[in-house]
Structures are given as structure tokens and as C-alpha cells.
Amino acid sequence: MSVHNEIRRVTTHRLSEMKLRGEKIAMLTAYDYSMAQLVDEAGIDIILVGDSASNVMAGHTTTLPITLNEMIYHGASVVRAVNRALVVVDLPFGTYQGNSREALHSAIRIMKETAADAVKLEGGEEVLESVKRILSAGIPVMGHLGLMPQSIHKFGTYTVRAKEEAEAEKLLKDSKLLEEAGCFGIVLEKIPASLGEQVAREVRIPVIGIGAGGGVDGQVLVLHDMLGITQQFSPRFLRRYHNLAAEIKGAVGNYINDVKSTDFPSEKEQY
Ligand code: KIV
């Protein structure tokens, strides 16, 4: 391939330029090779190999059970498909909260075994030492504040976070701590739009929202939710761009009928 045909990859530097220019950043999850290829070819800026794979891929009710090995499997599958997007892999629950040494070890495994571009982890001040240690090894880190699904047993519900002043102040402080530590971006999940806008205004790094309003620097959704593959999950922030569940069930129904009626395979579909 000549230099002129080479695809210009999205880097953390390009993301900060996008924020400076006021160009919104589009991010989606992907967990496997085939979907990641489609999402990348469509021109997405960031692909998140989210620990939501625990729910979407494995059918768990929370993100807690997914393991580091499983995240590495998903991450490596996605990276093999991607030519342009920045690929971020979630550090799963229990692989970075214990101590910063363990956090670094987990992040290094992700970077070595998946060839991803960055890792993401949940929390602010509580995990700052881990964030700094991972960054000190040259690994780009994305923060995640607001609703943090790995702490669901502490929160008790998946309702909107940081509506009260004290929690909003902590979120703002944590955002600034993550920025000062050197994170290249922050995901804010399910918080009031006014707070999302304030954080995006007060930090220089890109702020990507999921249910954090339109005043942030970009948006992220879970691919299977926005495509209408998952059916039970309908929070207010979710815009469905397709009803793939109905299309898939229709196609599978047609296949079943064709097999049962011996319409498939036809003469042309045999050797
Ligand atoms: O795991 C995930 O999919 C996420 C998004 C909800 C941001 O963290």
C-alpha cells in the first residue's frame, strides 16, 4: 500500500485536537472482529471494548463477573479488525482496585496481549494511584465517572448520578484529578446535562458522555443497544438507530421455514 493510501489513525492527540476544534467525537462499543470491522469502516472515532461485554456477550446481570482473560479475548478480536479507530479496552472489576502494582500488571497484559491503544477504568481519587502508575508505563488511560457499573452494589440502582451538590462537586474534582494525572479523556455516565457541560468546559481533555447531555465533547453508546439487538434495556439516553432484533428473528424464521419445507438447499446450492 502506498503512503498516500494509508488510513490516518485516530490517536489521543487527534482527539484533543478535535476537542479544540469543537468537532464532536463518536464512540461505540464492540466486542468481536466482525462488528468491529463494520463499526471501524463506518468511520467511528473510538471503539470501546467495554466490560458491558459481561452483559451483552455473556448474559450476566452486571459487569462484575467478566475476567481479565475474557476482556483480552474480546480486545484482541476487535484490534485485529480495526484500521482507523482508537481502541480502548476496559480494565474489568477486581483487576485494578486492589493496588497500583496489580493495576499496572493488568494494564500491561491488556496492552501486550490485545495491541489496543489505551485502557479505561472507573473511579476518581480512589484509583488515582493506579491511574498514575499505569500512565507512568506509557499506557494511555481514559477515566470513567458518574454511574460506574462496577460499583452497582454500592450505588444500589442504575439511576442518574451526581444530582446532589456534594456528589456533583466530587465528580468535578475527580475529573480535574484525572486530567492532572494525565488521562487523555473521561467518560461520564448518566449525570445531569448541566454537570456534563460544566466538566467539558473546565477540563481540556475530551469528555465523552453516555446520558450526560449534549454539552460534552462526544457521545458513546453500547453498539447492541443502538442497533436494537438488545431489547430489554431502554434508558432515556438511548437512541435506537435500528430494530435489528426484528430483522434477525425474521431472517432466522425464514431460514427455519426453508429448511423444514426443503426449499433450502436448492439445486444451485449443492455440489
Ligand atoms: O462498558 C461499557 O460499555 C462502558 C460504556 C457504557 C461507556 O463503559
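Observations on the structure shown:
- Count of residues meeting criterion [within 16 Å of Ala53 (Cα to Cα) and open to solvent by 40 Å² or more (accessible area, probe 1.4 Å)] in region 14-34: 3
- Scanning region 22-56 for residues that are under 14 Å from Leu227 (Cβ atoms) and within 12 Å of the ligand (Cβ to nearest atom) gives Leu28, Thr29, Ala30, Tyr31, Ser52, Val56.
- The number of residues in region 211-231 being among the charged types (D, E, K, R) and within 13 Å of the chain's Cα centre (by Cα) comes to 1.
- Test: residue in region 67-74 that is surrounded by 19 or more Cβ atoms within 10 Å (Cβ to Cβ), away from the ligand (no atom under 14 Å from the Cβ) and assigned to a loop (DSSP other than H, G, I, E, B): no
- Looking only at region 83-98, and only at residues there that are open to solvent by less than 60 Å² (accessible area, probe 1.4 Å) and within 15 Å of the chain's Cα centre (by Cα), the one that is nearest to the ligand (Cβ to nearest atom): Asp90
The values are calculated or read from the model by the stated rules, or taken from the named source; none is laboratory data. Computed from a predicted structure; not experimentally measured. Positions of Cβ are generated from backbone atoms using ideal geometry, with glycine treated the same way; all protein chains shown enter the neighbour counts. To get the accessible areas, we keep the full protein, side chains included, count just its heavy atoms, and leave off ligands, DNA and RNA. Shrake-Rupley method; radii C 1.70, N 1.55, O 1.52, S 1.80 Å.
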